[in-house]
1. Inside region 276-347, counting only helices (runs of 4 or more DSSP H) that do not spill past its ends, which hold 2 or more residues that are in contact (Cβ under 8 Å) with a residue 24 or more places away in the chain, within 16 Å of ligand 1 (Cβ to nearest atom) and surrounded by 15 or more Cβ atoms within 10 Å (Cβ to Cβ)?
2. So if I check each of 177, 196, which one is modelled with pLDDT of 95 or more, within 14 Å of the chain's Cα centre (by Cα) and assigned by TED's automatic domain parsing to the domain that holds residue 13?
3. Select from region 184-210 the residues that are in contact with a helix residue (DSSP H, G or I) (Cβ under 6 Å, 6 or more places away or on another chain) and closer than 29 Å to residue 261 by Cβ and list them in ascending order.
4. For residues that are out of contact with any helix residue (DSSP H, G or I) (no Cβ under 6 Å at 6 or more places or on another chain) and either assigned to a helix (DSSP H, G or I) or closer than 15 Å to residue 18 by Cβ (or both), tally how many sit in region 66-81.
5. Which ones in region 172-200 are assigned to a loop (DSSP other than H, G, I, E, B) and surrounded by 15 or more Cβ atoms within 10 Å (Cβ to Cβ)?
6. Being surrounded by fewer than 21 Cβ atoms within 10 Å (Cβ to Cβ) and not in a helix (DSSP H, G or I) is the requirement here; does residue 267 meet it?
7. Among the residues of region 135-150, write down those that are touching a helix residue (DSSP H, G or I) at 6+ places or on another chain (Cβ under 9 Å) and not in a helix (DSSP H, G or I).
Ligand code: SF4
Ligand code: SF4
């Protein structure tokens, strides 16, 4: 296993981290449940520790609030001291200052530990950032750190670069966690976020390196463009390992086979920063362009169709549907749809009023396509 510096903390962490949001589950469609298969999860987590992985990422909300306790039980009895645990508290759970502390205490209990290595504000969003500042959440976290309950303070982020930069510059964060992969260099926080976090000495943890696993299974026209020296999954990881600023790459591994394969990739002596040649980068650019050409609904995300009187997030729905088609895999978009519809309404709420279609410059048949997208995206069980 390769290890990397963790920003200015002086720690070293494994370059591969285990993300505990995709633990093995027992899906029961009839009951509408998908609880974690604890025995399989324990086996996975313990194998990871015993084979050099030292970084474990979880959150209060993962797996219907059970992920922390599964990780805690798996590490109990000698493995906890060998690893760094990162967990997160979302602003939506910070109803009062007391609640912030209670949530931390609950995380400590679930994780069966006296301290958390990295405590993050989970998924800061543009609309919640002002309230987070007003509510002095960071000061509260600093108190936890001075009491020895947490060791480092960070945030995770899924939005666009300008808000990321504002958050990054607001405070001397120990770490930040963003989505990046070779498809997202100009999307989400963008490649520029990597550069800026590095300049500040802020440890950088990457999530979704394989876009929910979809980059590991390219459709045939994309597959044909890869340099056959390595598998697509290895190229995707190498793209990120190439950045010296990246401390740890989280992968949500579900099976022992995936874990073993990834440990092998992250143990190659040449999988270090600067490992991508100019030819390698050009090859990945061709792969990216091919993926992007596989778009089913020509929605540009301009939002001229919004707002919808029924609260349907039209561009988000089309983006998720296109993503599923682009990668030939709908698991990740379906999960995204579940989260999106907690803020906006499902596509099935469309009342066919036609207001949006009149405003769409692309002439998209929105009503018809929303129905198609909803059928493909509905039904994710968390
Ligand atoms: S047609 Fe459907 S999606 Fe479009 S504005 Fe009306 S209700 Fe919303
Ligand atoms: S107006 Fe058309 S192109 Fe623009 S976001 Fe809406 S559906 Fe997409």
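The values are calculated or read from the model by the stated rules, or taken from the named source; none is laboratory data. Model, not experiment: these values are computed from the prediction. Note: ideal-geometry Cβ built from the backbone for every residue, glycine included; neighbour counts use all protein chains shown.
1. Per the criteria, 314-327, 331-343.
2. When all the criteria are applied, what remains is 177.
3. Answer for region 184-210, where residues must be in contact with a helix residue (DSSP H, G or I) (Cβ under 6 Å, 6 or more places away or on another chain) and closer than 29 Å to residue 261 by Cβ: 185, 189, 190, 193, 203, 204, 206, 209, 210.
4. 6
5. Within region 172-200, 173, 174, 180, 181, 182, 183, 184, 185, 188, 189, 200 qualify.
6. So residue 267 passes the test.
7. Listed by number, the residues that qualify are 135, 136, 149, 150.
So that you can scan it fast, the table gives a plain yes or no per residue for (1) within 13 Å of ligand 2 (Cβ to nearest atom); (2) under 21 Å from the mean Cα position of the chain (by Cα); (3) assigned by TED's automatic domain parsing to the domain that holds residue 36:
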{"site": "300", "(1), (2), (3)": "yes, no, no"}
{"site": "309", "(1), (2), (3)": "no, no, no"}
{"site": "325", "(1), (2), (3)": "no, yes, no"}
{"site": "336", "(1), (2), (3)": "no, yes, no"}
{"site": "359", "(1), (2), (3)": "yes, no, no"}
{"site": "372", "(1), (2), (3)": "no, no, no"}
